Amino acid sequence: MQKDFDETMKFSMENLEEAKLINIMQDVYTALEEKGYDPASQIIGYIISGDPTYITSHKDARKKIKQIDRNDILEDILEFYFVKNNIK
């Protein structure tokens with residue numbers, strides 16, 4: 001399949017930020033799982049309390065998750081829930 005290089009590509013900071021959030025959350029999830037923690041419980045503890053010690057420092061997971069605003073994580077979780085359950 002050949003790409004049409006005459007078309008103008010559109011750059012979106014929103015897509016870039018979403019991809020960054022997804023990558024960080026994947027890394028954090030994996031690090032928590034590797035250390036034997038339940039990733040969902042630990043991430044929920046972090047979101048609710050703001051205490052980064054809920055997240056392991058293994059593979060810099062704690063450092064990575066602090067790059068994301070907890071409200072952004074919660075907003076994405078709620079948006080996913082609304083879409084999944086046809087709530088609008």
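Could you list, in sequence order, the residues of the stretch 34-88 that are touching a helix residue (DSSP H, G or I) at 6+ places or on another chain (Cβ under 6 Å) and among the small types (Gly, Ala, Ser)? Within the stretch 34-88, 45, 61 qualify.
Does any residue of the stretch 33-56 turn out to be free of Cβ contacts under 8 Å to residues at least 40 places away in the same chain and in contact with a His (Cβ under 7 Å, 6 or more places away or on another chain)? The answer is yes, given that some residue of the stretch 33-56 is free of Cβ contacts under 8 Å to residues at least 40 places away in the same chain and in contact with a His (Cβ under 7 Å, 6 or more places away or on another chain). Might you check whether a residue that is modelled with pLDDT under 95 and either basic (Lys, Arg) or not in a loop (DSSP other than H, G, I, E, B) (or both) occurs anywhere in the stretch 54-62? The answer is no; no qualifying residue exists. Of the listed requirements (1) modelled with pLDDT under 90; (2) assigned to a helix (DSSP H, G or I); (3) surrounded by fewer than 10 Cβ atoms within 10 Å (Cβ to Cβ), residue 2 misses just one: (2). When the residues of the stretch 31-80 are filtered to those that are polar (S, T, N, Q) and more than 25 Å from residue 14 (Cβ to Cβ), the one that is surrounded by the most Cβ atoms within 10 Å (Cβ to Cβ) is 42.
The values are calculated or read from the model by the stated rules, or taken from the named source; none is laboratory data. Worth saying up front: this structure is predicted, and the values here are computed from it rather than measured. Because the Cβ atoms are built from the backbone with ideal geometry, glycine has one as well, and the counts that use them run over all protein chains shown.
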